Amino acid sequence: MAERPPEFEIRLFENLSPGVFVLKKKGCYLKLEKVKKDNKKFEKPARPEVKSENRKGVVRLCGVDVVGSVPVKTALMKVKGVGFSLGGAICNELKKLGVDGDLLVENLNESQIDLIEKAVANPASIGVKSFLLNRRGREGSLYGSELFITVRQDISREKELKTYRGWRHMLNQKVRGQHTRSTGRSGATVGVSKKALKPTQKKEEEKK
């Protein structure tokens, strides 16, 4: 039979400092102290809120419907063509122009929304580095339906030129040099049947 766990007894003595307990176990005294955690380092900074009477549940931003209770830096990442890095860089530059990235979308006015849309359409105009843009060799950055149409046109041009990438697109295979032995298969799965193995085994036995 399993032994019962030893009984513990906690006693609080007057001569000890507050928050210090003594644990008694089989005649031995162990000193335990309560440590108060300092959570000031992990407190999140308060979001700057602008009190407005006309709050919006859904806001149209860069051609996308965004929930109003979302910060600007999170709302930008919902736009196709704007990721974490580009959205963060845009918010850093917009902060210099008076639009904070932690500001809620529902609290934006019309002039601020226009400024954000212009910044997303042409990030280089507000000081974003060129290596963050998704299309090199042009002033602006593609986003939304414009990006979708441009990618589709690039693929159709590759198919017309019959390049290697174009052939891979036509065959619905992987384009960027990935292995296709175990992944990327299309159509019916082809396995090895036991019936096909039997004649080969017989031939090997006859040779021996």
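Numbers for the structure displayed
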| item | result |
| --- | --- |
| Failed condition for residue 151, given (1) part of a helix (DSSP H, G or I); (2) touching a residue at least 12 places away in the same chain (Cβ under 8 Å) | (2) |
| Flag for residue 175 being touching a Lys or Arg at 6+ places or on another chain (Cβ under 6 Å), of a type in the set (A, V, I, L, M) and either surrounded by fewer than 16 Cβ atoms within 10 Å (Cβ to Cβ) or in the same structural domain as residue 82 (by TED's automatic domain parsing) (or both) | yes |
| Cβ-Cβ under 7 Å pairs, at least 6 apart or on other chains, region 175-193 side at pLDDT 85 or above, far side part of a loop (DSSP other than H, G, I, E, B) and not aliphatic (A, V, I, L, M) | 178/184; 180/173; 180/174 |
| Some residue of region 66-87 being out of contact with any Phe, Trp or Tyr (no Cβ under 9 Å at 6 or more places or on another chain), free of Cβ contacts under 8 Å to residues at least 12 places away in the same chain and closer than 17 Å to residue 124 by Cβ | yes |
| Residues (in contact (Cβ under 8 Å) with a residue 12 or more places away in the chain and over 22 Å from the mean Cα position of the chain (by Cα)) located in region 99-116 | 99, 106, 107, 108, 112, 113, 115 |
| Residues satisfying the stated conditions in region 64-122, i.e. part of a strand (DSSP E or B) and either over 17 Å from residue 134 (Cβ atoms) or of a type in the set (S, T, N, Q) (or both) | 65, 66, 67, 71, 104 |
| Criterion: in contact with a Cys (Cβ under 7 Å, 6 or more places away or on another chain) and under 21 Å from residue 57 (Cβ atoms) - qualifying residue of 120, 79 | 79 |
| Top-ranked residue in region 133-172 [being modelled with pLDDT of 90 or more and of a type in the set (Lys, Arg); ranked as farthest from the chain's Cα centre (by Cα)] | 162 |
| Test: residue 106 is acidic (Asp, Glu), out of contact with any strand residue (DSSP E or B) (no Cβ under 6 Å at 6 or more places or on another chain), more than 29 Å from residue 173 (Cβ to Cβ) and buried (at least 17 other Cβ atoms within 10 Å of the Cβ) | yes |
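Condition check ((1) acidic (Asp, Glu); (2) closer than 30 Å to residue 63 by Cα) across all residues:
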site: 110; (1), (2): yes, yes
site: 131; (1), (2): no, yes
site: 140; (1), (2): no, yes
site: 147; (1), (2): no, yes
site: 179; (1), (2): no, no
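The values are calculated or read from the model by the stated rules, or taken from the named source; none is laboratory data. Bear in mind that the values here come from a model prediction, so they are computed numbers and not experimental data. Here Cβ is always computed from backbone atoms with ideal geometry, including for glycine, and neighbour counts include all displayed protein chains.
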